[in-house]
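Everything on this sheet refers to the single structure shown next.
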Amino acid sequence: MSTITRSDDYVEYCRETARNARDLHDLALRGRRNKETTRRVHERIVQEVQLGESDDLLDVGCGDGTLLRMAREVGVRSAIGFLATEEEVALVRETSVDARQGLADQLPVHDEIASVVVCNNVLLIVPRHKIPDSLREMWRVARPGARIFIGEIPFVRQQDPTPQFKSRSETLSYLYKKHGLRTWLGMLRRMAWWQITGSPAVMNPGTAVSFYATAEEFIGMAQAAGMELVRYWQHEKPDDRNDYLFRKPA
């Protein structure tokens, strides 16, 4: 069979994930079996930022909307979540939360509207050259004195866990052995569509980590954007990442 290439365009990966989602938690990109992990991570965030009734929250990269729903339970004044694609937004809005399309370096809201800004498990897939703009955007939308939580920043180079195959036959063989008949059939249908439409054979696993930084380097980048460090700590699982709590000077 003909060759197959791959793309690490995370926006297209998010769009495809939304189109094929069978469970809202698919948008969290942690795997369908890890709902409990998603819940625990966001409970920790609520605790760290001391989210309360007087807060206006912006969640940059809100995934399946878990934090937005927790914020609603807390009774915050407002909570807005941003996702890379309209396809994701449509699914999350079905849970009656305020989700909007927006990228980390282009947030479609006015200046200084949030008392809490959260960006968790997002920047690691953002291209490195866009990180400074993303940090400046978080600073821009935060009010003076706002808490800014940025989580799961890898501090070492990451290995892409996705096997890379040169041919369609190798890909199909791997999927059948590893994931079974249903996944194999899904990929076979996709390959048939590529053949019928004359589209290029492109796999988009969305697993490549584009950005990592030591604590010293990342803190320096955040400070250059105008943030003040409150503290940082090693993420529990995976433990090769750091979580950071910053504030915007009053």
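The values are calculated or read from the model by the stated rules, or taken from the named source; none is laboratory data. It should be emphasised that the depicted structure is a prediction, and the values quoted were computed from it without experimental measurement. Cβ coordinates were reconstructed from backbone atoms using ideal geometry, including for glycine residues, and neighbour counts include every protein chain displayed.
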Residue match in the range 102-122 (condition: within 17 Å of the chain's Cα centre (by Cα), in the same structural domain as Arg147 (by TED's automatic domain parsing) and farther than 21 Å from Arg147 by Cα): no
Failed criterion for Thr214 (all others in (1) closer than 17 Å to Glu48 by Cα; (2) without any contact (Cβ under 8 Å) to a residue 60 or more places away in the chain hold): (1)
Residue count for the range 219-242, restricted to those that are assigned to a strand (DSSP E or B) and among the hydrophobic types (A, V, I, L, M, F, W, C): 3
Tally, over the range 101-117, of residues that are in a strand (DSSP E or B), of a type in the set (A, V, I, L, M) and more than 19 Å from Cys14 (Cα to Cα): 3
Candidate set: the range 184-220, residues that are surrounded by fewer than 17 Cβ atoms within 10 Å (Cβ to Cβ) and at pLDDT 90 or above; chosen: the one farthest from Pro144 (Cα to Cα): Thr214
Qualifying positions in the range 101-154 - among the acidic types (Asp, Glu) and in contact with a Lys or Arg (Cβ under 7 Å, 6 or more places away or on another chain): Asp105, Asp111, Glu112, Glu152
Among the candidates Thr171, Thr162, residue that is at pLDDT below 95 and under 26 Å from His235 (Cα atoms): Thr162
Where Asp240 falls short, out of the listed (1) modelled with pLDDT of 90 or more; (2) surrounded by 18 or more Cβ atoms within 10 Å (Cβ to Cβ): (2)
Pair list, Cβ < 8 Å and 6+ apart or interchain, from the range 105-132 residues that are farther than 23 Å from Leu29 by Cα and buried (at least 21 other Cβ atoms within 10 Å of the Cβ) to residues that are among the hydroxyl-bearing types (Ser, Thr, Tyr) and at pLDDT 95 or above: Ser115/Ser54
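Residues checked against (1) surrounded by fewer than 23 Cβ atoms within 10 Å (Cβ to Cβ); (2) under 22 Å from Leu229 (Cβ atoms); (3) of a type in the set (A, V, I, L, M, F, W, C):
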position	(1), (2), (3)
Asp55	yes, yes, no
Asp59	no, yes, no
Cys62	no, no, yes
Glu88	no, no, no
Val92	no, no, yes
Selection count, the range 38-92, where residues are touching a residue at least 60 places away in the same chain (Cβ under 8 Å) and assigned to a loop (DSSP other than H, G, I, E, B): 7
